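Some notes on the structure that comes next.
The numbers here are math on the coordinates, done by the rules we state, and not lab data. In this text the structure is predicted, and so the values were computed from the model without any measurement. Please note: Cβ atoms are built from the backbone with ideal geometry, for glycine as well, and neighbour counts cover all protein chains shown.
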Amino acid sequence: MPRHQRRTSILMAFAVVLFGFGLGFGAGPVQARLNIEVTGGVEAAQPIAVVPFGVSDGLIPPVDIAAVISADLARTGRFRAMPTRDMLDMPARHEDVDLRDWTLLGMNNLVIGRVEPDGSGYRVSFILYDAFRGDQLANSTLISTKAGMRNTAHRISDIIYQKLTGQRGVAATRIAYVTATGQGEGQTVTLRVADADGYNPQTIVSSGEPIMSPAWSPDGRRVAYVSFENKRAAIYVQELASGRRELVASHPGINGSPAFSPDGRKLAMTLSKDGNPDIYVLDLTSRELVRLTDHFAIDTEPSWSPDGQQIIFTSDRGGSPQIYRIGSGGGPAQRISSEGDYNARASYSPDGRSIVLVTRVSGRFRIGVLDLDRGFTRVLSNGSLDESPSFAPNGSMVIYATIHGGRGVLAAASIDGGGNQRLSQDSGEVREPAWSPFIK
Amino acid sequence: MTTNPNGIRAPALMLPAIVLVVALAAGCTSAPKQSTEPVTSRPVPTAPTTTAPLETTRPVYAGPWEDPGNPLYQRTIYFDYDTAEIKPEYLPVLKTHARYLGTNAGVKATLEGHTDERGTREYNLALGDQRAESVRRLMIADGVPPNRLSTLSYGEERPANPGHSEQAWRLNRRVVIQY
């Protein structure tokens, strides 16, 4: 931000405070977006051609749909999209397609489509072919507003991905993340939500004090987070569409690690109001607060199992931080991480069969996936201060925070090792990513 | 607002700055809205209710802890990695503060716990809380009434040194006694 703008916004903030208004939050204007770079793993990917979509005469669609789809598919690590310049032909209709041309170019699959006007919006049609068998694997038409065109492209990507892999796609999901610019007193910390490809960033809340630990509600409509805006940690739950929010925990001591239960009715959290950090569960309707752990060690970072029956958390009760599991209604805690002297911030995969965590390997903090059946951890990242891992809702990838070039950035890695990407802002740090659930 | 034994009100020093901010903010109302940032929440300065004459001939301290010549000046103690155990070398410092707090009714302190950046943010928030709590317990044992002490953990969010080396980390694993 240019200096004069920063000063203006600081003064505006003071003016707001002095005139007795509340805080600035809710959907903000256009923000610096995340730049995504695919950093490896595309060799094993399947070749696919997404032909630039045909348009009616005189129509200028706001988005290059084929480019968005190609980028979405490439980011999964499972596809390699053919560059437009290598295409010998650009059919937009079924009758113009000769699949032999595409198989000769080594393409397994072909996508064509077109955009036509529809009232004030557009009608977007596409066909997905199996180029070798000659089958149409998908053929459908979506109605889109002008502003919704990127999202329409993401929905098409997800249809293609599901047809070809059998797994639900995540192109139309979102990520929440925290950015920080400046240092110390001059720092601005902002919680943002953007599309999974980094576009369309919206400010959720911004403060000169720390903001931490964004967590999605299972319906993707609310985000819980920790904010120090009143000079101490407190947990808020904010509805994204309206910007309306509620203070749900501001006890003496720390108020941290919010985690929604899978039914969205409860929030697990860490409170130290009773002397040291323990896990509690707050019923968001009745406001009943139940203490789940009671130990003089640190208990924190709760995360629910997908069936809501178990909560895993970090505890140093055994002398070093390790992952433990407890019934979500209470009971004895059982240690589940066994390798290494530092395992923390675990969360379940969507199928509940593995957990992703931060694990220390030879003094470096890396992202690992612990297979709960087999009991071994596979390390996914190679940084030295990697943290805050979060599964994509289809379980195919993990997004996490890392340091690149001395600066905080986000990275995403495929669980099968197929693809990697880096997400950064032009300036400032990016950290604490949380991948949204599927958006309905 | 804290009145210390020297009878000087701490926020008095902030008064000129606040007046300036109000003046600038007022001048801003007609400025074009060129900022692309949404209105942000910022720390609220405590509005002064009383003015105090500023003495210009010698430094004005909000309290003895700001005087480099005073033993209360040392307000930070440091910790080893991933522990809230107070090192014996800091016991005299804590005793000095405990004696001051225990004998000056009306003086309160916040014990601010911090960690280095290694490990996860929420674990570090908990660790900072435990560090502040260790100091609080020790000072209560030294006779400070519990209602004069509060704790606040920032975890790794407010490093004293933003570097990524042991040199930075050792300065960041700390508890600061804030009056």
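Placing +1 on each Lys and Arg Cβ and -1 on each Asp and Glu Cβ, with no other charges, gives chain A a dipole about its Cα centre of roughly 740 debye. Helical runs (DSSP H, four residues minimum) scored at -39500 (n - 2.57) apiece and divided by the length of chain A put the mean residue ellipticity at 222 nm at -3500 deg cm²/dmol. Dipole check for segment A:195-243: with +1 at the C-beta of Lys and Arg, -1 at the C-beta of Asp and Glu, and the Cα centre as origin, the magnitude is about 240 Debye. Ranking of A:163, A:231 by neighbouring Cβ atoms within 10 Å, starting from the fewest: A:231, A:163. About the centre of its Cα atoms, segment A:40-165 shows a dipole size close to 400 debye [charges on the beta carbon of Lys, Arg (+1) and Asp, Glu (-1) only; nearest 20 debye].
Which aspartates and glutamates, if any, have their Cα less than 13 Å from the Cα of residue A:440, not counting same-chain residues under 8 positions apart? Candidates past the 8-residue exclusion: A:158, A:219.
Its relative contact order, with pairs defined as Cα atoms under 8 Å and 6+ residues apart, puts chain A at 13 percent.
May I ask you to sort B:89, A:339, B:122, A:229 by Cβ crowding, counting other Cβ atoms within 10 Å and putting the fewest first? Intermediate results must be reported in sequence, preceding the final value.
Details: B:89 9, A:339 13, B:122 30, A:229 23.
Ascending number of Cβ neighbours within 10 Å: B:89, A:339, A:229, B:122.
Remark: B:66, B:112 ranked as B:66, B:112, counting other beta-carbon atoms within 10 Å and listing the fewest first.
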